[in-house]
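The values are calculated or read from the model by the stated rules, or taken from the named source; none is laboratory data. Source: prediction; values computed, not measured. Counting neighbours? That spans all protein chains shown, and the Cβs are built from the backbone with ideal geometry, glycine included.
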Amino acid sequence: MVNALYYGDNLGYLREMDRESVDLIYLDPPFNSKATYNLLFRSPKGGAVQAQTTAFRDTWTWDVPAERGFEEAIASGSAAGGILRAFRQFLGESDVMAYLAMMAPRLIHLHRTLKPTGSLYLHCDSTASHYLKLILDGIFGPASFRNEIIWKRSHAHNDGKQGSSHFGRITDTILFYAKSEKVTWNRGYLPYDQKYIDRDYRRVDEDGRRYRIGDLRGPGGAARGNPYYEVMGVFRHWAYSEAKMEEMIRQGRVVQTRPGAVPQYKRYLDEMPGVPLQNLWVDMPGINNRSKELIGYPTQKPIALLERIISASSNQGDTVLDPFCGCGTSIAAADKMGRNWIGVDITHYAIDVIEGRLRRQKPRAEYQVKGRPADPASARRLAEQDPYEFQWWSNWMLGVQNYRERKKGADKGIDGIIYFHNPPHGVGQVIISVKGGQNINPDMISALEGTVKREDAQLGVFVCAAAPTPAMRRNAAAMGLVRIGREQFPRIQIVTADELLIGPLPALPRPVESEAFRQPLRPPLPTRVATPQPQLSFALPIPGMKGSRADVQDHLAGGLLAELVAAR
Ligand SMILES: C[S@@+](CC[C@H](N)C(=O)[O-])C[C@H]1O[C@@H](n2cnc3c(N)ncnc32)[C@H](O)[C@@H]1O
C-alpha cells in the first residue's frame, strides 16, 4: 500500500477506489457553517499582515452539483436515498439540503471502500449532525452505530455571550459507525484522577506499590455454593476454592489488616489500565492561537484527537483514509503511528501544507501526490475548470512565498509575490500575475508593469494558460532589463502553463530562504537560469470571515509571530 495525497474533489477519487480497501475513515468535512475560511500571509519585511486569501468556503446553495449529488444518492440503491428524498420534502431546496446532497453520495462511497473490520468517524457539529446520523443509519444500518462522541473543543466561546439567545456552543460531534460486528477495536483508557487514587489507593506496600483492598468473600454465602474454610484464622464462605486461595496467599495477594480481621485481596494501582474511555472527550482542547501545534490552516484539529481515534480503531499497517484532510492532522497522526494513509483535499494549498508538515515530521516520508497537473493538457484543463486553483498551482510551481487573492482595491493585479535578495537594497520583490482564461492581450503586460512600479517591486512574471500573442511578447521585451546584483533580468517575463511544466521557467534572482517560508516538496523543476529554491509562505488563519484587525493582532501576539521571527 502506497501512502497518497490526492488533490481534487474527493467524489471523483472515491468513485474509483477499490471496495473494502481501507480500515479506518476519519472525515472532517465542512460543517455548513456558512463561513469562509481565510489564510493570512505576511512579507519577510513586515510585521503587519500583508494579504488574505480564501482557503475554502463552507457555504452551500442548491445548484446543479447538489441536484447531481441527490440523484447519485438515490440511484445508489442505498436506504440513504430514501432518507434524502424525505429530507428534501421537509427542507426543500435549501442550503442545508444542498449540503446533505453533497455529503450523501460521498458517504455511500466511503462505506463501500471500508473493509468489514473497518470503522468510520464523521466529525461534524450540531448544525447538521442529526441529519447526517440518519443518512449514516441508512447507509450502514442502525445497528452499526457505535457512538456519538462529544468533543469539547474550547472552554468558552463568544457564541454564548450576552445578546445571543442560546448557550455557548463549545462541542463538536463525532459519529462513529462500525461496518460490521468484526470491527477492529482497541479499548483506550485514561489515567485515574489523582483524587480517586488518593481516596481508593491509600495503602502502599513495602515495595512502594500503591494498592487497594477488595472483598474475598463469596457473595450469597453457602446458598450460592461458596466453599467454607479457614484463611488466616478466619472461617468464612469464600469466592475462591481453597487451592486458588493458597496460590493467592503464596503470591502475597491476600492481606489481613489486623489480627483476626477478614483477609482481603490486594489490587495494585500499577496493574490497572485506567478509566475506560467514554464518549465524552474533554481532555483535548482545540487548536488556538497559543497551541504549539498551530500550523495556520483554518479548522485544524489537534493531533491527540486523531491519535485517539486511530489507536481505538486500527492497528499497525492498517490504512487510514481522510477524504477532507485539510492540513493533514489525520495523515500526520497515521504516519507517526505506523499506519498507511490516503488524504484528499480540494484545496491545492492544503496539500502543500501537508507536504511541509510531513517533511518536518519525517524527512523521508514516502508517499505519492496525485491530481496535480502533470502535463500541459491537465494544466490547461485546471485553468478552464477552476481558474482560482490554477492560480494556486502556478504560484506554487513558481515558488511563490506570498499568495494573494485577485480583488479590487489596493492589491489589484497581484496574485503572488516572490521575495529575493537584492543587495545592497535588502529584499526585492517579483510580482506574479496569473491569467487562467483564454482572453489575454498586451494591455495585461502593461498593467503588470504598472503594478510592479506601483508596488516598488523590481520584476514581474505574467503566467497564462493560453499561448501569449507575439504582441504580448514584444510588449514584455520592451519593458527592458533590470540589474539585480551582478545579473540582469527581464523586467517583465511571460510564462505559460506548458512552460511551468516543461520549461523554460523565467529567470529570477535567488529567493529569500527562511524558515518562515515552509518549503513544500515538489517535483524537480525544469531548468531555470538562476537557482531559486521552492518555497511557500506561512499562513495565519482568520476563521469564518470574522477576522478583524484585532483578531489578527491577537493572533500575532499569540506566539506565532515570535516563533517565526526567532526562526529567521
Ligand atoms: C474542516 S477542514 C478539515 C480540517 C482537517 N481535519 C485538519 O485537521 O486540518 C475541511 C477540508 O475539506 C476540504 N474540502 C471541501 N470540499 C472538498 C471536496 N469536495 N473534496 C475534497 N476536499 C474538500 C477543504 O478544502 C478543507 O480543507
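Filtering segment 314-327 to residues that are within 12 Å of the ligand (Cβ to nearest atom) and touching an Asp or Glu at 6+ places or on another chain (Cβ under 8 Å) leaves Asp322, Phe324, Cys325, Gly326.
Summed over segment 318-332, the residues that are in contact with a Ser or Thr (Cβ under 9 Å, 6 or more places away or on another chain) and within 21 Å of Pro30 (Cβ to Cβ) give a count of 5. Look at segment 329-358: where a residue is more than 20 Å from Glu307 (Cβ to Cβ) and in the same structural domain as Tyr13 (by TED's automatic domain parsing) and a partner is within 12 Å of the ligand (Cβ to nearest atom) and part of a helix (DSSP H, G or I), sitting 6+ places away or on another chain with Cβ atoms under 7 Å, you get Val344/Asn10; Val344/Tyr13; Asp345/Ile351; His348/Glu389; His348/Trp392; Tyr349/Trp392.
Filtering Pro302, Pro363, Pro276 for residues that are within 16 Å of the ligand (Cβ to nearest atom) and more than 28 Å from Gly12 (Cβ to Cβ) leaves a single hit, Pro302.
Would you call Ser311 in a helix (DSSP H, G or I), surrounded by fewer than 19 Cβ atoms within 10 Å (Cβ to Cβ), more than 10 Å from the ligand (Cβ to nearest atom) and not charged (D, E, K, R)? In short, yes. Within segment 112-129, can one find any residue that is assigned by TED's automatic domain parsing to the domain that holds Leu24, over 19 Å from Leu321 (Cβ atoms), modelled with pLDDT of 95 or more and in contact with a Phe, Trp or Tyr (Cβ under 8 Å, 6 or more places away or on another chain)? Among the residues of segment 112-129, not one is assigned by TED's automatic domain parsing to the domain that holds Leu24, over 19 Å from Leu321 (Cβ atoms), modelled with pLDDT of 95 or more and in contact with a Phe, Trp or Tyr (Cβ under 8 Å, 6 or more places away or on another chain), which makes the answer no.
Given the structure, is Arg359 at pLDDT 85 or above and surrounded by fewer than 17 Cβ atoms within 10 Å (Cβ to Cβ)? Yes, satisfied. When segment 252-292 is limited to residues that are in a loop (DSSP other than H, G, I, E, B), without any contact (Cβ under 8 Å) to a residue 12 or more places away in the chain and loosely packed, with under 14 Cβ neighbours inside 10 Å, the one that is farthest from the chain's Cα centre (by Cα) turns out to be Arg258. The listed residues are Leu321, Leu306, and the only one of them that is in contact with a strand residue (DSSP E or B) (Cβ under 7 Å, 6 or more places away or on another chain) and not in a strand (DSSP E or B) turns out to be Leu306. As a summary of the residue check, Ile174 satisfies the conditions (1) over 22 Å from Gly138 (Cβ atoms); (2) surrounded by 10 or more Cβ atoms within 10 Å (Cβ to Cβ) except for the one numbered (1).
Taking segment 458-474 as the range and being in a loop (DSSP other than H, G, I, E, B) and over 14 Å from Pro506 (Cβ atoms) as the test, the residues that pass are Ala465, Ala466, Ala467, Thr469. Looking only at residues that are more than 8 Å from the ligand (Cβ to nearest atom) and polar (S, T, N, Q) in segment 1-35, which one is surrounded by the fewest Cβ atoms within 10 Å (Cβ to Cβ)? Step by step, filter segment 1-35, then rank; the result is Ser21. Scanning segment 475-485 for residues that are at negative phi and not in a strand (DSSP E or B) returns Asn475, Ala476, Ala477, Ala478, Met479. Of the residues screened, Ser330 is one that is within 13 Å of the ligand (Cβ to nearest atom) and either modelled with pLDDT under 95 or not acidic (Asp, Glu) (or both). What about Tyr297, is it crowded, with 16+ Cβ neighbours inside 10 Å and away from the ligand (no atom under 15 Å from the Cβ)? Here the answer is no, as Tyr297 does not meet what is asked. Scanning segment 206-227 for residues that are in contact (Cβ under 8 Å) with a residue 40 or more places away in the chain, charged (D, E, K, R) and over 12 Å from Val262 (Cα atoms) yields Arg209, Arg210, Arg212. Candidates Ser126, Ser164, Ser154: the one that is more than 27 Å from the chain's Cα centre (by Cα), among the hydroxyl-bearing types (Ser, Thr, Tyr) and not in a strand (DSSP E or B) is Ser164. Selection of segment 4-49 for residues being of a type in the set (S, T, N, Q), outside any loop (DSSP other than H, G, I, E, B) and modelled with pLDDT of 90 or more yields only Asn10. Residues that are more than 16 Å from the ligand (Cβ to nearest atom), closer than 15 Å to Arg106 by Cα and among the aliphatic types (A, V, I, L, M) within segment 116-167 comprise Leu134, Ile135, Leu136, Ile139, listed in sequence order. Among the residues of segment 163-183, those identified as in contact (Cβ under 8 Å) with a residue 40 or more places away in the chain and closer than 14 Å to Ser144 by Cβ are Leu175, Phe176, Tyr177, Ala178, Lys179, Ser180, Lys182, Val183. Determine whether Ser119 is in contact with a Lys or Arg (Cβ under 9 Å, 6 or more places away or on another chain) and part of a loop (DSSP other than H, G, I, E, B). No: the conditions fail for Ser119.
Is it the case that segment 115-135 has a residue that's in contact with a Gly (Cβ under 7 Å, 6 or more places away or on another chain) and of a type outside the set (A, V, I, L, M)? Scanning segment 115-135, I find no residue that is in contact with a Gly (Cβ under 7 Å, 6 or more places away or on another chain) and of a type outside the set (A, V, I, L, M), so the answer is no. Whenever a residue of segment 110-129 is in contact (Cβ under 8 Å) with a residue 12 or more places away in the chain, its partners that are away from the ligand (no atom under 15 Å from the Cβ) and polar (S, T, N, Q), lying with C-beta atoms within less than 6 angstrom and at least six residues away or across chains, give the pairs Thr113/Ser21; Pro116/Ser180; Thr117/Thr184; Ser119/Ser313. Restrict the check to segment 187-204 and report whether at least one residue is more than 19 Å from Tyr268 (Cα to Cα) and within 55 Å of the chain's Cα centre (by Cα). The answer is yes; a qualifying residue exists. The sole residue among Asp352, Asp318, Asp375 that is acidic (Asp, Glu) and modelled with pLDDT of 90 or more is Asp318.
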